[in-house]
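Worksheet for the structure shown next.
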């Protein structure tokens, strides 16, 4: 409990921001779903056959797995809040449509006949008879949709939309139960509070209810307007992949940029997702900068038919050239350390079977049970290349990056992929086997941005180039250890390094 309270106090500012993001996404999705489903259901009450078809369609839409739906939306509308809201609207349609249709369709026919006898026009009958009678059932559907939206909105963090899911992802990545609990408890409390507020609408007259909804819409629109008016002269968005290391790096970028460019405000999107998410967001100009590794650029982001093995400098220069030619992107100067892929086992396991190289694994394939990240499993500079070069074939489970370390710690698996600067290598006493057939190319990190952004922001480029040749592998692993194990904030660790090495003025 003390750890939970301490984490809450340390993260209260970030929690408040995430809560507002979650609330904004949820309320926008709910309002759009209501505006679609309620009128459609009212119309469908006069077309029973169409109503049955619509109910089937909304039922099928709700069965689509959320991750699959987000994946399908990304190529169409990009990354961020837009696909998240669309997905949430799709999930909310069924309970709202179904309850509205049932609520109106099951009104006592004698009441309908009485309204007709009084000479009410259809619109009068709708607002004076049908909606007031059906409102408790409609509100019940909206409440169900609200709870569904708030819970599902935690997945929005996977595509850079923010919200309370950031805490859950960060907690999983760092194996920090307190962060997971903060995100989960906050989401549950938000759902309970909003559900209770919606229930209060049942006690209002239809007129007051519509006024309340109008005020809510105006408040959301006003909040968005205030945010846009309160933005500084310029805002730069810097994003990072999942994990402590990208989080540390983007905080360094933020400190350096804001120190040298006082009129610029940097917005961070940490734990944004895997490589493809970041790269697509950069191409679509939804983010401005993110740290990428030279080997990843060469092996994943550009087309390169050459199989020639290159040095660190050769890999960087070729990656820089090809990403410029093929993607019109600028790849700045790399840092000192190399963070390559590795195949890791426990030190005791390596000693037992005399493992020093990846080639040594071929003799004990029947004893191997792997757990690896999905990205590593499917990359040609990852498990695809390893299997081909070393002729290995053993069972592998796909796991979220941090969970594979938890699994090897508990002996659920005995081999996993790793990054050579991961703090868990030190924490769990793991060893990385030598890549004696050189499948893994060199990986040096550097900021990646679009050419047009670099051309317009020479001072930002100068600020980021201060990291050229800085940070050794030992220093990076130590910083990762401070964040993952000692539970220090990535922002604090980043700032400490910059100050200690004369890159940032103390107090900035």
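The values are calculated or read from the model by the stated rules, or taken from the named source; none is laboratory data. Predicted model, so just to flag it, every value in this text is computed and none were measured. So basically every Cβ, Gly included, is an ideal-geometry build from the backbone, and we count neighbours across all protein chains shown.
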Can you name the residue in segment 284-303 that is surrounded by fewer than 19 Cβ atoms within 10 Å (Cβ to Cβ) and free of Cβ contacts under 8 Å to residues at least 60 places away in the same chain and, of all such residues, is nearest to residue 158 (Cα to Cα)?
302
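Tell me yes or no: at least one residue of segment 437-453 is in contact with a strand residue (DSSP E or B) (Cβ under 8 Å, 6 or more places away or on another chain) and farther than 30 Å from residue 257 by Cβ.
The answer is yes, given that some residue of segment 437-453 is in contact with a strand residue (DSSP E or B) (Cβ under 8 Å, 6 or more places away or on another chain) and farther than 30 Å from residue 257 by Cβ.
Residue-by-condition table, conditions (1) assigned by TED's automatic domain parsing to the domain that holds residue 274; (2) surrounded by 22 or more Cβ atoms within 10 Å (Cβ to Cβ); (3) within 18 Å of residue 46 (Cα to Cα):
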position: 83; (1), (2), (3): no, yes, no
position: 91; (1), (2), (3): no, yes, no
position: 106; (1), (2), (3): no, no, yes
position: 109; (1), (2), (3): no, no, yes
position: 117; (1), (2), (3): no, no, no
position: 161; (1), (2), (3): no, yes, no
position: 176; (1), (2), (3): no, no, no
Got a sec? Which helices (runs of 4 or more DSSP H) wholly within segment 435-508 have at least 3 residues that are surrounded by 15 or more Cβ atoms within 10 Å (Cβ to Cβ), under 28 Å from the mean Cα position of the chain (by Cα) and on the phi < 0 side of the Ramachandran plot?
458-464, 473-484, 490-500
Restricting attention to segment 121-180, and to residues there that are more than 20 Å from residue 82 (Cα to Cα) and not in a helix (DSSP H, G or I), which single residue is modelled with the lowest pLDDT?
175
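Looking at 28, 32, 5 in this structure, which one is crowded, with 16+ Cβ neighbours inside 10 Å, out of contact with any strand residue (DSSP E or B) (no Cβ under 9 Å at 6 or more places or on another chain) and without any contact (Cβ under 8 Å) to a residue 60 or more places away in the chain?
On the way: 28 fails: without any contact (Cβ under 8 Å) to a residue 60 or more places away in the chain; 5 fails: crowded, with 16+ Cβ neighbours inside 10 Å.
Residue meeting the stated conditions: 32.
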So residue 475, is it in the same structural domain as residue 270 (by TED's automatic domain parsing) and touching a helix residue (DSSP H, G or I) at 6+ places or on another chain (Cβ under 9 Å):
yes
What number of residues in segment 75-119 are outside any helix (DSSP H, G or I) and without any contact (Cβ under 8 Å) to a residue 40 or more places away in the chain?
5
Please enumerate the residues belonging to segment 60-74 that are out of contact with any helix residue (DSSP H, G or I) (no Cβ under 6 Å at 6 or more places or on another chain), in a helix (DSSP H, G or I) and without any contact (Cβ under 8 Å) to a residue 40 or more places away in the chain.
60, 63, 68, 71, 72
Considering only segment 329-351, I want to know if a residue exists there that is surrounded by fewer than 18 Cβ atoms within 10 Å (Cβ to Cβ), outside the structural domain of residue 473 (by TED's automatic domain parsing), over 26 Å from residue 318 (Cα atoms) and in contact with a helix residue (DSSP H, G or I) (Cβ under 6 Å, 6 or more places away or on another chain).
no
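Here is a yes/no grid of residues against (1) assigned by TED's automatic domain parsing to the domain that holds residue 384; (2) in contact with a strand residue (DSSP E or B) (Cβ under 8 Å, 6 or more places away or on another chain); (3) buried (at least 17 other Cβ atoms within 10 Å of the Cβ); (4) under 19 Å from residue 377 (Cα atoms):
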{"site": "266", "(1), (2), (3), (4)": "no, yes, yes, no"}
{"site": "305", "(1), (2), (3), (4)": "no, no, no, no"}
{"site": "315", "(1), (2), (3), (4)": "no, yes, yes, no"}
{"site": "320", "(1), (2), (3), (4)": "no, yes, yes, no"}
{"site": "355", "(1), (2), (3), (4)": "yes, yes, yes, no"}
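Restricting the search to segment 387-402, which residues are part of a helix (DSSP H, G or I) and in contact with a helix residue (DSSP H, G or I) (Cβ under 7 Å, 6 or more places away or on another chain)? Break it down stepwise before answering.
To start, the set of residues in segment 387-402 that are part of a helix (DSSP H, G or I) comprises 387-390, 401-402.
Result: 390, 401, 402.
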